[in-house]
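The structure appears right after this line, and notes come after that.
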Amino acid sequence: MSLSSRAILVLMCFMFLSCPLFTTATTTTTTDQGPQPRCEAHIFNNGKHYRSCKDLPVLDSFLHFSYARETGVLDVAYRHANLESSSWIAWAINPTKKGMLGAQCLVAYRNSTSGVMRAYTSSINSYATMLQESPLSFGVSQVSAEYVDGEMTIFATLVLPPNTTVVNHLWQDGPLKGGDRLGMHAMSGDHLKSMSTLDLLSGQVTATKSVNGNMLLVKQIHGLVNTVSWGILMPIGVMVARYMKIYETLDPTWFYVHVICQLTGYVAGLLGGLGTAIYMAYHTGMRSTAHTIIGILIFCLGLLQILALKARPGKDHKYRTYWNWYHHTVGYVVVVLSVYNIYKGFVILQPGSGWKIAYTAIICAIGAFAIVMEMLQFKKRWGGLFEKKPEDQEANQSGFANEISNFEKRWSDKIPEDLEANQIASTGVV
């Protein structure tokens, strides 16, 4: 490798590795939702009136209620504004703890075929709940619901233990799937903040930290670790093997750098990525989403790559070519799936747009580096496909010479015979 080529290679490596240092990510997002309507001004179509109402802090929600402390009777109406008709809503009281587990829910959705509202009760006993209909731990009656002008409301009368003054309540919404199945609500942003403590006497709402209050932080760690390990280190390790290997002076340095990048990425993904995924599955339930399935597949393929190193044949072994095909193909598949799954993770986590822009810039830098290196190494890597080997050229030249010789011999015998025939024909003498 010439001195100029080495200089170009070193410069490009420096620029590539420095790219993340100049890329900043911001998580601040701004929304312009406009002023929220006050609950006091709302008039129900069924003519119901409630002594108290409260604008809930997130999810465009409002709670209207009347409470009799002596009897424990709580008349309640939960409203969710700015909602598509293909959605479900839920409002719940958790009589035993803060958070989702143990919550006693009122659920409502609009039938996709008939347009009729359905309201029912559901007791949550597992993080993997599908909000199936079930009785509550306290009395409930007059459960109904309505959907008017993009606003869904649940009405009910609850009977709490007498002299109850403060309750833990939570509220949520999610999409309605085919066959009127309740889809999973979002696991980020305001959907992780929709719970508080409600004072039934004063109407005071106090935001509370969920039992899964650290879940957002865990998800951010999960996304960051997987992005760095599978989405950056793995592609760099692949490029090291592809572009450094071709230079004899970098052998076996390229191999050690390749192994370090891949092992570091896999171990970091295993501990930080898979570890946080197991934590989330334990606390919120395992969900068979495309993101989860692809993630499991990536970890399995990565493990196969590590195990394949133990079975790697020698350089001169007759099976080494087949091993290389397998190893390279699985490696490229892992990188492509990793990048794709990271972007699916962005959709789920919904971080600030700066994170997605930053990662896209890094991936573009990796792609640009790969394109330039392919151009620089094109002749050395692919030139053999377009240039004939010396022995092939000699064979072609020898074959061409033989053809000329045979041609001359045939015509040298044929020309005198043709001349003699012409003379006989012209003179008539045999």
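The values are calculated or read from the model by the stated rules, or taken from the named source; none is laboratory data. These numbers come from a predicted model, not from an experiment. Here the Cβ is made from the backbone with ideal geometry for all residues, glycine too, and neighbour counts use every protein chain on show. Note: accessible area is taken over every heavy atom of the protein model, side chains too, but ligands, DNA and RNA are not part of it. Shrake-Rupley method; radii C 1.70, N 1.55, O 1.52, S 1.80 Å.
Using a cutoff of 8 angstrom between alpha carbon atoms and counting only pairs six or more residues apart, the relative contact order for the stretch 41-207 works out to 24 percent. Compute the Cα gyration tensor for the stretch 312-378, then decide on rounded, prolate or oblate, letting a ≥ b ≥ c be the square roots of its eigenvalues: rounded whenever a/c is under 1.5, prolate when a/b is larger than b/c in the other cases, and oblate in all that remain. Because a/c hits 1.5 or more and a/b fails to exceed b/c, the stretch 312-378 counts as oblate. Taking all protein chains as shown and a probe of 1.4 angstrom, Glu70 keeps an accessible surface of around 140 Å². Look at the alpha carbon pairs under 8 Å that are at least 6 residues apart: their mean separation over the length of the stretch 212-384 gives a relative contact order of 29 percent.
Ligands, DNA and RNA excluded, the heavy atoms of Asp75 present near 60 Å² of accessible surface to a 1.4 Å solvent probe. Cβ under 15 Å from Ala156's Cβ, Ala156 left aside: what net charge do those residues give with Lys, Arg +1 and Asp, Glu -1? Net of charged neighbours comes to 0.
Among the listed pairs Lys310/Lys356; Lys245/Lys379; Lys54/Lys193, those whose Cα-Cα separation exceeds 26 Å are Lys310/Lys356. Computed with a 1.4 Å probe over protein heavy atoms only, the accessible surface of the stretch 328-385 comes to 56 Å² per residue.
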